[in-house]
1. Return the loop-located GluC sites (Glu not before Pro) in segment 1-38 (DSSP other than H, G, I, E, B) with at most 12 other Cβ atoms within 10 Å of their own Cβ; answer none if there are none.
2. Only Cα pairs under 8 Å and at least 6 apart count here; give the relative contact order of the chain as a rounded whole percent.
3. Run the paramagnetic zone check for Trp193: 7 angstrom along Cα to Cβ, then residues of segment 154-169 with backbone nitrogen under 15 Å.
4. With a cut-off of 11 Å, note down the residues of segment 45-63 whose backbone N falls inside the zone around a label point 7 Å from the Cα of Phe240 toward its beta carbon.
5. Under 9 Å from the Cβ of Arg44, count the other residues' Cβ atoms, weight Lys and Arg +1, Asp and Glu -1, and hand me the total.
6. Among 41-51, 132-142, how do they line up by average Cβ neighbours within 10 Å per residue, starting with the highest?
7. Under a 10 Å cutoff between Cα atoms, tell me which one of Tyr127, Tyr84, Tyr56 has the largest fluctuation in the Gaussian network model of the chain.
8. Could you work out how much longer the chain between Glu159 and Val250 gets when fully extended? Use 0.36 nm per residue separation minus the Cα distance between them, nm to one decimal.
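Just so it is clear, none of the values below were taken in a lab; they were calculated from the coordinates. As the structure is a computational prediction, the values presented were derived from the model and not from experiment. In this analysis, Cβ positions are derived from the backbone assuming ideal geometry, glycine residues included, and neighbour counts consider all displayed protein chains.
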Amino acid sequence: MKFFYNLKNIFDFFLRRKLKFSLQNYEEIPEDLSNLFGAELKQRENDLKKKYTFEYMSDMTQLNYKENLYMLDILDKYFDIVPYENIKVLDIGSKNWNYVRGQYTFFQKYCKALELKGVEIDAYRLYWNLFSRYEVAKFYKRDLKNTRYIPKDFMRIDEKFDYITWFLPFVREYPHIRWGLPLKYFKPEEMLWHAYFSLKTGGKMFIVNQSEIEYNIQKRLLDACAIPYKEKGEIISDFFPFKYKRFALVVTKKGIDDTKLLK
Ligand SMILES: C[S@@+](CC[C@H](N)C(=O)[O-])C[C@H]1O[C@@H](n2cnc3c(N)ncnc32)[C@H](O)[C@@H]1O
């Protein structure tokens with residue numbers, strides 16, 4: 001079965017990358033974003049609005065607003081970062097980057113100049129409406145300055161970042177194959193090393209896993225690579241309740257680069 005899926009994935013993946021077919025100019029029609037939540041969540045939404053600039057968190061569908069509020073809420077609660085003059089951030093495995101505005105809103109607060117990149121190996125995968133992830137991501141990142149969606153294998157990115165976010169890395173073969181990727185790209189340990197070395201000294205990486213099983217595998221991978229981390233445990237945001245529990249941990253690259261701290 002594995003052999004069959006892999007063969008199919010190799011063929012489909014090759015075609016997608018060669019053809020890069022997609023309908024162009026994907027768009028969503030903005031919806032009314034007021035009164036989406038009950039009293040408690042409304043309070044949290046208002047607190048986030050007070051803390052962050054919500055310039056880019058409007059003109060969206062209700063679904064996309066919730067996805068981005070989820071992202072902002074999670075980063076705000078569980079990812080402590082240091083303000084810098086300039087911040088370079090990478091999101092690994094961005095899919096269609098439907099959560100880019102939440103990330104942008106979060107990191108923008110902690111710097112004067114933000115450079116945000118998202119890398120996705122399977123950017124030309126098509127949705128039922130014949131728009132690719134690439135085309136959809138282009139829409140989601142519209143009007144965000146210095147933001148790039150890179151259709152590429154992360155292993156081929158050779159740059160250093162202050163912060164890396166990594167939501168749902170594949171740590172097990174089965175989800176990787178069912179997602180449609182060829183097995184040769186399943187390299188959880190190598191990718192982890194590469195991510196660690198892509199951090200600047202003092203930089204931090206926020207890793208989120210789906211289910212306690214994957215979280216435990218993630219920790220074993222980090223231990224095997226002798227990469228130190230801090231467990232955050234289960235992460236919760238009621239803005240977007242996922243079916244499966246999510247868990248997070250934070251990796252800090254050893255040493256402190258205090259030359260660029262915001263005065
Ligand atoms: C489980 S999905 C998570 C997507 C997204 N981060 C989210 O939270 O919705 C993992 C993503 O990582 C991408 N991916 C896997 N290996 C990759 C690689 N070597 N370079 C870039 N992206 C990769 C997959 O194509 C997939 O879109």
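1. Working: sites: Glu27, Glu28, Glu31; in loops: Glu27, Glu28, Glu31.
Loop-located and lightly packed - Glu27.
2. The value is 20 percent.
3. What the label zone holds, given the 15 Å backbone N cut-off, is 155-156.
4. Within reach of a label on Phe240: 63.
5. Working: positive: Lys42; negative: Glu40, Glu45, Asp47, Asp73, Asp238.
Every neighbour counted, the sum reads -4.
6. Highest mean packing first, the order is 132-142, 41-51.
7. In this elastic network of the chain, the residue with the biggest mean-square fluctuation among Tyr127, Tyr84, Tyr56 is Tyr127.
8. Taking 0.36 nm per residue and subtracting the Cα distance, the gain is 30.8 nm.
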